[in-house]
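Here's the structure, in structure tokens; my notes come after.
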Protein chains: 2
Amino acid sequence: MTQPTTPTIVLLSQGDELLTGQTVDTNAAWLAERLTELGFKVLYGVTAPDETGAIERALTAAFEAADALICTGGLGPTSDDLTTACVARVAGVELALHQESLDRIKALYAHWGREMPQANVKQAMLPVGARVLTNDWGTAPGFEWLHSGPGGACAGYFVPGVPREMRQFWEHYLRPALVARFERPPVRRVILRCMGIAESSLEERMQPFAGEPGLTISFRTKLPENQVKLIFDAGVETERADAVVARAREAIGSSCFGEGTGPIAEVIGAALAARGETLATAESCTGGQISAQITEISGASRYFLEGSCIYSNEAKVRTCGVDPEALAAHGAVSETVARQLAEGIRDRAGATYGLATTGIAGPGGGSPEKPVGTVHIALATPSKTVHRHLRLRGSRERITSMAAGLTLDLLRRHLQSNDY
Amino acid sequence: MTQPTTPTIVLLSQGDELLTGQTVDTNAAWLAERLTELGFKVLYGVTAPDETGAIERALTAAFEAADALICTGGLGPTSDDLTTACVARVAGVELALHQESLDRIKALYAHWGREMPQANVKQAMLPVGARVLTNDWGTAPGFEWLHSGPGGACAGYFVPGVPREMRQFWEHYLRPALVARFERPPVRRVILRCMGIAESSLEERMQPFAGEPGLTISFRTKLPENQVKLIFDAGVETERADAVVARAREAIGSSCFGEGTGPIAEVIGAALAARGETLATAESCTGGQISAQITEISGASRYFLEGSCIYSNEAKVRTCGVDPEALAAHGAVSETVARQLAEGIRDRAGATYGLATTGIAGPGGGSPEKPVGTVHIALATPSKTVHRHLRLRGSRERITSMAAGLTLDLLRRHLQSNDY
């Protein structure tokens, strides 16, 4: 049995707002990731302005180059929404009124208590022969146009550019249609999520896997997290892929906190909930980022008791019982104070664990002994208190988000170790 | 005196990671925004894979279509970094070793305590006749290639794709070079930053300005903030533009918190610092997002005393002195508790202002009387306590970020009013 060849796709993003930087095109990457997962290959992406000539050139080129085209945007009611008319022209067909679509748009306006502006009639004018994709999430219908040209056939999908609507079209129409239309070689994709390890060090540890047949390795940094993506070709047997994944996890060691899981706060939350344990946090330089991440997980109220952003020295003393003499002797940014904060908030909240941060986020506030980026973090457990001295670089935002991530990672490592 | 015509630019983003969705291309929008501000017109954008044919086609098309090209990515040391070789081929010149660049790369590796891998030599091989753009922020040098073809001249700029490095190249080379090379019609651009007003309502209030000659109005939503962008053509006199901006601000009213300012937390911070006033926060459903935003502003320690994420009922009572009977009678998500939290944290920290949130972020925890998205927020001032009942929709993330933004806005409105 021969493997099917990989079907190709062109992504066309439509709209002046993308070319003036008003809007970052997140649709293209979102679609590309899902298409790649399904076994499609994205040939290239184009962003076209609201100009008939440019759109028609882009359509013609895509129809020739690829097995399918996904075009987002340009389906609105205003004069700069040109996509549908351009498709009709390139396809050599007329536009015709699709009464059902017009009725839906009118009903939507009626629901809003307004009369439909005349301009919206345009949204119901669709290329003759196109399959209409009903929009249950907004006004503009999408459509499928199966193009046959001298270079072969191309299935064109035209959907609104609003990301919320686009994603619904993907789920309800595009994904099912593409999967039904194109055979694809099966691929397997594993993401190893890592914290507390540099990308260069991850690359080094993955070096031995470079020659592995049928395996593509890539790296992605979403600070403070680093991810390793392993993509196995269709030809790789499941057992061999399993074995490679296991060896890769072993090579990374304890810095890998999960495989295809959610963010680290979710991993922590699941572990705390499973153990019936609780957490409280005392944040100085991270200003609430840790508690915000913890509480972003639904159900966090089961294990998260209290977070304290003890920004002033008075608050450190009052809330966490930090010893004013220790503060005076070592300064707020010190190992002693970090430990006292973690232990203090743990006691105060009656939690199993206390996490704490204190540091200099910059750009001001640094000194030769304690430069910007100096951060002390601590974890207090029922049996001991663990401390780390971080020396971080970069902007204020980078320093605080790295510090928040590495503090969460301190707890994650404790929860995932057998050391309790 | 005639106005210069608008010079045109093509943006070429290079790399397979953009076409598999591993990376969202933020470079293109970042560059497009700056280019538009400078008076350039971005003709179109292309994302090309790591394939010689596709890159060469994209280069050829861009050299023909535009006055300038900015290409990001593809300058790395590995075999899938193909940009430089493709430029040389399209330009019809050889690659030659640029010794100074090689020396810099070697020195960088030496600084890291490592020997330069042989693969990196490639990064110093540049098209003969190109102007080298020294990289002080990474390994790969960029370069400028002035192309002359049958369609006219095109200035090509080739820079690394890592956003941090790309932005340095823009600041140090691209911006100065483009400004020096191309005359552009002057434009003026004003951003009105708004909070607590729906985009549709903003559009309605801007309706009377639609016919204003030489003015382009656009809207941008970065929840919980909405922005109105006013772009005035070269022909519009300063006084008339000033008058339009003033009228637009008046039309929006108190929902506009600034013009070309930083985020709302910065506006709040500046006002607090100027008045010598202080702030403390008590967050339940927002989990620390408010304190994280406040402390993201450098110098926040001058006015931010303490933040408390009082997630459990015990913490609400212990930390903010909420009355347990009020909790039992009204529930944690209630006007009474929001007011007591704001007043309690204000008292406790000895701050001028106390801000508080309590709500149901979902997806679980809702009831018919208090559905998901029910949030009570409060501001305690020296003279009174203000409360708002929010009814928010959407995901947990959307609800909590809207709640955090609108709570900050409660304080912002107080600080910007004359009501103190």
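Bear in mind these aren't lab numbers, they're just calculated from the coordinates by the rules spelled out. This structure is a prediction, so every number in the text was calculated from the model and none was measured. Cβ placement follows ideal geometry from the backbone for every residue including glycine, while neighbour counts extend to all protein chains displayed.
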Evaluate the relative contact order of chain B (contact order divided by residue number), counting alpha-carbon pairs under 8 angstrom at least 6 apart; express in whole percent. 11 percent
One decimal, nm, shortest first: give the distances between the label point of residue B:6 and those of the same position in the other copies, each label point 7 Å from Cα along Cα→Cβ. 3.8
Please list, by residue number, every one of the chymotrypsin sites (Phe, Trp or Tyr not before Pro) in segment B:76-172 that is coil in DSSP and has at most 11 other beta-carbon atoms within 10 Å. B:112
Taking Cα atoms, the helix A:99-111 axis meets the longest principal axis of chain A at an angle in degrees (rounded to 10) of 40 degrees
How much net charge surrounds residue B:389 when only the other residues with a Cβ under 14 Å from the Cβ of residue B:389 are counted, with Lys and Arg +1 and Asp and Glu -1? +2
Could you give the spread of the C-alpha atoms of chain A along their three principal axes, from largest to smallest, in whole angstroms? 83, 59, 43
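Could you calculate the FRET efficiency of residue A:219 with residue A:118 from 1/(1 + (r/R0)^6), where r is the beta carbon distance between them and R0 is 60 Å, rounded to 0.05?
Efficiency at R0 = 60 Å is approximately 0.70.
Can you give the calculated 222 nm mean residue ellipticity of chain A, where each DSSP H run of n ≥ 4 adds -39,500 (n - 2.57) and the sum is split over every residue, rounded to the nearest 500 deg cm²/dmol?
One gets -11500 deg cm²/dmol as the mean residue ellipticity at 222 nm.
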GluC sites (Glu not before Pro) restricted to segment A:220-273 and DSSP loop, no more than 12 other C-beta within 10 Å: A:237
Can you compute the modelled spin-label distance between residue B:26 and residue B:136, with each label point 7 Å from Cα toward Cβ, in nm? 2.3 nm
Taking the axis about which chain B rotates onto chain A, which residue of B lies nearest it as judged by Cβ position, and how many whole Å separate them? B:288, 1
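Take the residue pairs A:316/B:370; A:316/A:370; A:41/A:229; A:222/B:229 and return only those whose Cα atoms are more than 25 Å apart.
A:316/B:370; A:222/B:229
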Measuring from a point 7 Å out along Cα→Cβ, what nm distances, shortest first, does residue A:394 have to its partners in the other copies? 2.5
Determine the sum of side-chain charges near residue A:35: Lys and Arg each +1, Asp and Glu each -1, restricted to other residues whose C-beta is under 12 angstrom from that of residue A:35. +1
Under DSSP loop assignment and at most 16 Cβ neighbours within 10 Å, longest trypsin sites (Lys or Arg not before Pro)-free interval of chain B: B:115-383
Give me the number: length gained by fully extending residue B:273 to residue B:302, i.e. 0.36 nm times residue separation minus the C-alpha to C-alpha distance, one decimal in nm. 9.7 nm
7 Å along Cα→Cβ for the label point: how many nanometres lie between residue B:96 and each equivalent label in the other copies, listed shortest first? 6.5
Nearest 10 degrees, 0 to 90: helix B:264-275 Cα axis against chain B principal axis: 60 degrees
Compute the helix-to-body angle for B:396-416: its Cα long axis versus the longest principal axis of chain B, expressed 0 to 90° and rounded to tens. 70 degrees
Can you tell me which of A:155, A:124, A:61 moves the most in a GNM of chain A? Springs connect C-alpha atoms under 10 Å apart. A:61
Find out how many positive minus negative residues lie around residue B:289, taking Lys and Arg as positive, Asp and Glu as negative, among other residues whose Cβ is under 11 Å from that of residue B:289. -4
